[in-house]
Structures are given as structure tokens and as C-alpha cells.
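See structure below.
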Amino acid sequence: MSEAAPDRALLDATIGRAAHALLAEQREDGHWVYELEADATIPSEYVLLRHFLGEPVDEELEGKIGRYLRRIQSEAHDGWPLYHEGGFDISATVKAYYALKMIGDDVDAPHMARARAAILKAGGAEAVNVFTRIQLALFGAGPWDAVPTIPPELILAPRWFPVHLLKMSYWARTVVVPLLVLCALKPVARNPKQVFVPELYTGVPRKLTSQADHVHSVWKNGFEALDWGLKRFEGRWPKAMRARAIRLCEEWVIERLNGVDGLGAIYPAMANSVMMFDVLGYAPDHPHRAIARESVERLLVVKEDEAYCQPCVSPVWDTALAAHAMLEVGSEEALAGADRALDWLGPRQILDTAGDWVEQRYVRPGGWAFQYNNDHYPDLDDTAVVVMAMDRASGLRGDKDKEAIARGFEWTVGLQSKDGGFAAFDADNDKLYLNNLPFADHGALLDPPTADVSARVVSMLAQMGEPVDSPRMKAALGWLEKEQEKEGSWFGRWGVNHVYGTWSVLCALGRAGIGRDHPLVARAVEWLKSVQNADGGWGESCDSYALDRKGHETFDSNASQTAWATLGLMAVGEAKSEAVARGIAWLIANQAGDGLWGQEHYTGGGFPRVFYLRYHGYPRYFPLWALARYRNMAQANVEQAQWGM
């Protein structure tokens, strides 16, 4: 081992404390679930939703949300960022200001005055994104003319039509379909307090600024011309056609309502479904509206002094990753915890519902969702991670998971895209011209293959014994080779960013038997070592997602990114390297008194440049996993990890 290798007793003690702390957080039924925190947008929208519906004011809850919003306001730029210590975001700031004013904050209070000045300096409420413009318009606090036209007749379009719901990502579909109804009927919020924000407007209209990749002038101009035409045609749609379109949107939502877990199991879709039911005349106690409203309430995190609303919940993801960490620790208590976790995961496999993905690839259901329930929308990332955990635990559990593994494997590989890569939820969801639509300014309309998800599936294939020369493996490895960045890293779509992507791909390449002498691996290893911080850890800012694609943006070392980097290096024969030893030493030195690691920085990806996530579980299970892997490889005197993750 390296001269920087930590003392074995210290390493064992660190692992023991972390494993004990993580096991103490396991729920009685065997699962783990941690807070999933975004930015000010979701809690602000939650407050506005209550006032849109005219619900009785819950002063205690609104007071707690108000304290949360005031705490996360930036002292550096007076607005609200998209992630901890991030830059000013006009849309998040307008929503937070409006929510605080709705809660009752005096507009002349120092924090409100500072926020308002920052908003006006940035172009005022005219400069916000599409979804914020819609939110303002729903309250009569902004003009509908500033919102791109999205007619509900879109749901009637034939499959060949260039703009079709099935050409959009799952999350876009679930958000857009109820929104089609809202934008057609243009309701006005009840807004009992009659709170508006005219003080945020400059009087100067602003064009939308797209955060999307692959924006090209021909497509952009064409879609803008289409929007111009639709605006002038508004109100002339045949009444029977419009009524049919709205009815189909309503039926589409009801079919996918997903019980108390909500439409798409994500807040924006859930909130839009509640507003849609309200606008269509559903009474508050109607079963569809009531359960949709309850699904939103289940996303709240209410603490003694503060409260906020999560964008969704992550129990399957948290449980599967924590189970991997426990299997790596390998003690009797840890293995028992992993066993309970896999018992909990087993029944959550989706075996009967053929979701939207079946329109593109007809394979038997067999995946797992990210949330407690989301039967129409399982994802490949969760499924591959669960399958690998079950396969790894076969020595502990025998053939108990054999059928679940087979069905999960079958479903995952069946969704390979034509280019060889794998996306999160669908196959071939890659019609990049749609990024030029005016209402696609957030740049998250599509679900194309990504390096991190493709790598996770390759890891699963390799762990399950798939030959590297099989057609699907060759196609996937070829796709990953094409996607390597010029400096040697891989872009991480669902985690921040190049450290996450490179960890994911190195795990896949290592398990597939592609050694550190291969140019793909050698370049990635050299890159990871080159971005290691002087203190031995790794850190990367969400700014690395900037449209200019300049690559990794150095940031303070943190537990999850340091764990990813060391796990990635260990996957390809670098367990005895100085870089890994220094990373492990950083993790040991930064363990908190409770046995875990604190981390406020956001290392989860939602939508690049628009929406980021703080997974509260990441600094709990990933560092433990890396430390235990390091110890196990040293004990066995092996240079390459046995498992796909």
C-alpha cells in the first residue's frame, strides 16, 4: 500500500462507527430514506399552491417554510441560488419573494428589499423562465402573452408528428399534460389575500433565455414562428376538438395518478394535477383530487423550526445504495441490514404495469422505480443497482432473488437505445430538435442516453457475466468510448458531474475487465488524479454544467465526491495508489462525531443549469462504502474490485 495509507486500527474504527450510525437509521421494515432537498422553488410553489386553491392558512407551517426560505437567501447576491453557495437565479428568487410576501413578510423588510433590488437589477419578473411565467400568470400576477402557447390539442397529435408527448421525457410528459389544461383554461388563483407582485416588474419585456443544449437557429426560429401563429389562432380551435383534447388530458392523468405517491411521483406534476382537477370542477373531497392533494403533502419535511417541500422522495435509491455499502462492510450486523433491505426492495419490483416505455420497446415489466411507488415510470439506474445488490447477496440469500434478478435484467437490457447507450426511463428519447421549443427553455424535455446510466447497465451486465464481445455489450462500450471527454472524464447527468460520471464509467470498465493500461481507463485515471484537491479530497461545483462545457469546476472537498473518486480509482487497479490513500485519509479525518459525514453541498443532478439536488443520504453511505472497499482490497491483496459498483 501507499506510504500515505491510514493506520489499520483507525480505518477499522472509522468503518465501525459509520456502519453503526447507518444501521441505526434503517427503518423497521428494512428500508432507508433520506431527505431530498432542492432549492427555494419547490417550497415556494407549495405555498403558492395552497393560496391558488384558497385553502385555510396554516400559519405554523407557513411560518416554518418562511424561516427556511429566509435562511437560504444568499448574503452574497441577495437572491436565491439553485444550490448551496450558488449564483443568483432570477426564477427561484421571484418565486421565493412571492411566497414570502404571500406568507406575510413586509415588502420593506431588509431581506425583501434586498431581494427585490436584485430581481430588478437582473431584468425583473419579465426575465424569468417559462414555468415561473406560468406560475405568475395563474395568479394574475403576470401576462399569459409572455407564456409560450402549448395547446391541449397536442395530446391528439399522431405519433409521426414532430412534437409528440412520447418524444418527451417521462417527467416532461407528467408535468406538461395537466399543464395543457391549465394553459388552455387560464384559471385565476383564488388568492384570498389578493397578494400580487407588481413591484417586481420593470415594464420592459424580455425574451426567454434557453438553458438547453443543441439550440440551433433554424429550429428555434421555426418553433418561434409556430408559437406566433398559435397565439393568433388561440380561441379559434373547434370547440369539440378542444373539449376532446381536455378530456383526454384528464383521462391520461387519472390513469397515471399513482395513488398517494402522485402523478409521476414528482412535485411539479403532482401540483399541476391538483390544479387541473380544481379547474375542471372536482370538489376537494373527490377521490382523484383528494389523493392528488395528499400526495403533495407527503413531500413535506417539517422540523421543529423550519419546513420545506421535497421535489420527490428517494427510498429505493437510498435503500439499494445503502445495501451495497452494508454488503461491502461485511460484518454480521451489516449483512443482516442488507438482508432486510433486499427483503424490502423485492416486493417493489414492478411486474404487472406496462408503462409509457412500452410504446418504444415492448419488453416485460421488471424494473424498480426511484420512489416508493411509480409503476408507470421505473428507471434503469435504480433497477441496475438493485439487480447488482441482489446478485452480490446471493451468497447470503441463496436463490431467493433469482427471479427478481432475471426480470430486472431482462427489462433493463431491453431498453437499450439504437446508438448503444442507455437512458434513465426510455429508449431513443433523443429528438434534440425539441430543445428548441419555446417552452423547453429549461433544457430538460428529453431523456437521451447518458454516460452514468449507460455505465451502470454495463456494470450490471459485466457482473452478471455478459461477454465483452456480445453485441449489446460492444454497442454500450462503444457508446461510452465515444462519450469520453477530451481530457479523459465523462459527463455525469444525474450526479455532479465529471467526478460522478467518471466514477460510474470506471466501475463499468473495471468490472468488464478493461484494465488501467487501456487508453480509455488511463486517461480517466490521470484526469481524476489531476483534479484531486490539495487536502486529498475531491470536490466539483454545479457550475461545471455551464453551457460552455468547459468541464470540471474545482470546489471544496466533500464526502460523496471523494468517495466516488476513490471507488472509481479502486475499480481499475488503483487501490494501492497515493491518490486513493490520500482520499481515504481525507474521509477518515473528516468523519463527524456521530460517525457520519456532514455535507451541505449539492452533488445530485436534477436538470443541468436549472435544478440540482442535495441527497442527504450520499455523505452517509458512499464514504462508508469507499472505506470498506479500501480495507477489503488491502486485506485480500487484490488490485481490482469484484463487483460492478
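The table for this structure:
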item	result
Degrees between helix 559-571 axis and first principal axis of the chain (Cα, 0 to 90, nearest 10)	50
Computed label-point distance, nm, for sites residue 522 and residue 297 using a 7 Å Cα→Cβ extension	6.2
Links that overshoot a 25 Å alpha carbon limit, given the list 167/418; 207/486; 207/231; 64/193; 529/550; 431/529	207/486; 431/529
Cα gyration tensor category, rounded, prolate or oblate, for region 266-384 with a/c compared to 1.5	oblate
Radius 15 Å from Cβ of residue 486, net charge of other residues (Lys, Arg +1; Asp, Glu -1)	-2
Fully extended contour minus Cα-Cα distance, from residue 76 to residue 361, at 0.36 nm per residue	97.7 nm
For residue 606, residues with placed amide H under 5 Å, excluding near neighbours	611, 612, 613
Residue-normalised accessible area of region 10-132, expressed per residue, 1.4 Å probe, Å²	36
Gyration tensor (alpha-carbon) shape descriptor, region 427-553, a/c threshold 1.5	oblate
Sequence ranges 252-265, 609-622, ranked by mean other-Cβ count within 10 angstrom, highest first	609-622, 252-265
Under Karplus coefficients 6.51, -1.76 and 1.60, residue-wise ³J(HN,Hα) of region 370-380 in Hz, glycine/proline x	7, 9, 4, 9, 6, 4, 6, 9, x, 9, 5
Region 255-265 - phi-based ³J(HN,Hα) in whole Hz, Karplus 6.51/-1.76/1.60, Gly and Pro as x	4, 10, 4, 6, x, 6, 8, x, 4, x, 6
Derived scalar couplings ³J(HN,Hα) [region 196-202; Karplus, 6.51 cos²θ - 1.76 cosθ + 1.60; whole Hz; x for Gly, Pro]	10, 10, x, 5, 8, 9, 9
Against the rule of thumb 2.2 N^0.38 Å, how large the Cα Rg of the chain comes out	0.95
Order by protection proxy (mean Cβ within 10 Å, highest first), peptides 62-72, 477-487, 551-561	551-561, 62-72, 477-487
Portion, in percent, of the accessible area of the chain that falls on carbon or sulfur, probe 1.4 Å	52
Lys/Arg +1, Asp/Glu -1 at C-beta; the chain dipole; positive extreme among 119, 148, 544	148
Extended-chain gain in nm, criterion 0.36 nm per residue less alpha-carbon gap, residue 431 and residue 286	48.4 nm
Added length on full extension, which subtracts the Cα-Cα distance from 0.36 nm per residue, residue 550 to residue 469	25.8 nm
Debye, to nearest 20: dipole size of the chain, +1 on Lys, Arg Cβ, -1 on Asp, Glu Cβ	1700
Dipole axis of the chain (+1 Lys, Arg; -1 Asp, Glu on Cβ), positive-most option in 130, 326, 433	433
Computed FRET value (nearest 0.05) for residue 578 with residue 638, which takes r as the C-beta separation and R₀ as 22 Å	0.75
Spin-label model distance (nm) - residue 239 vs residue 218, 7 Å beyond Cα toward Cβ	4.3
Residues of region 96-110 with amide N under 13 Å of the 7 Å Cα→Cβ point at residue 59	104
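The values are calculated or read from the model by the stated rules, or taken from the named source; none is laboratory data. Not measured: the values here are computed from a predicted model. Note that each Cβ is placed from the backbone with ideal geometry, even for glycine, and that neighbours are counted across all protein chains shown. The accessibility values were calculated without ligands, DNA or RNA, using every heavy atom of the protein model including side chains. Shrake-Rupley method; radii C 1.70, N 1.55, O 1.52, S 1.80 Å.
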